[in-house]
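Colleague: Sending over a structure as structure tokens; questions will come in a sec.
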Amino acid sequence: MAISSSQSPRPLALSKQGENQLTIDWSDGHRSVYSWKQLRDNCPCAGCKGEFGQPPDPFRILTASELAPKPPLAPVEISPVGNYAYKIVWNDGHDTGLFTLEYLRQLCECPLCKTT
């Protein structure tokens, strides 16, 4: 669902849906559902997206902890950052991505949002 700059829907409620989804109910009546994997794969931090628009180094040497088996991906904490974003702390230790409200709306993959 495209949002014009004159509109600014706000989250009314965040809730866990099942074991692997986040639901956000917005002030404009929209409900967004995200999988933890979708959010983690779309982390907007410089380490995940690359600094200054550059992709992360594909030849970076992985550490032993990065290669070790991992528990199912899940957030440890989700906290608001001012009135514009949420910070997600993941069980893999990652915690630098700030998901702005606008970015969260862009990530919504419901049928209504996918068609606009």
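Colleague: Does any residue of segment 38-45 turn out to be in a helix (DSSP H, G or I), touching an Asp or Glu at 6+ places or on another chain (Cβ under 9 Å) and at pLDDT below 90?
Modeller: So the first thing to find is which residues in segment 38-45 are in a helix (DSSP H, G or I), and the list is 38-41.
Imposing the further condition that a residue be touching an Asp or Glu at 6+ places or on another chain (Cβ under 9 Å) reduces the set to 38, 40.
Applying the additional criterion that residues be at pLDDT below 90 yields none.
Checked segment 38-45: no residue is in a helix (DSSP H, G or I), touching an Asp or Glu at 6+ places or on another chain (Cβ under 9 Å) and at pLDDT below 90.
Colleague: Output the residue which, of all residues in segment 71-116 that are part of a loop (DSSP other than H, G, I, E, B) and among the small types (Gly, Ala, Ser), is surrounded by the fewest Cβ atoms within 10 Å (Cβ to Cβ). Spell out the reasoning first.
Modeller: First pass over segment 71-116, keeping only residues part of a loop (DSSP other than H, G, I, E, B): 71-74, 82-84, 91-97, 108-110, 115-116.
Cutting the leftovers down to among the small types (Gly, Ala, Ser) gives us 74, 82, 93, 97.
On the way: Ala74: 13, Gly82: 6, Gly93: 9, Gly97: 22.
Looking at the filtered set, the residue picked out is Gly82.
Colleague: While we're here: With the requirement that a residue be open to solvent by 50 Å² or more (accessible area, probe 1.4 Å) and among the aliphatic types (A, V, I, L, M), what does segment 9-45 give you?
Modeller: Once the filter is applied, which keeps residues that are open to solvent by 50 Å² or more (accessible area, probe 1.4 Å) and among the aliphatic types (A, V, I, L, M), segment 9-45 yields Leu12, Leu14, Val33.
The values are calculated or read from the model by the stated rules, or taken from the named source; none is laboratory data. Here the structure is a predicted model, which means the values were calculated and not measured. Backbone-built Cβ (ideal geometry, glycine too); neighbour counts: all protein chains shown. Note: areas computed on protein heavy atoms with side chains; ligands, DNA, RNA excluded. Shrake-Rupley method; radii C 1.70, N 1.55, O 1.52, S 1.80 Å.
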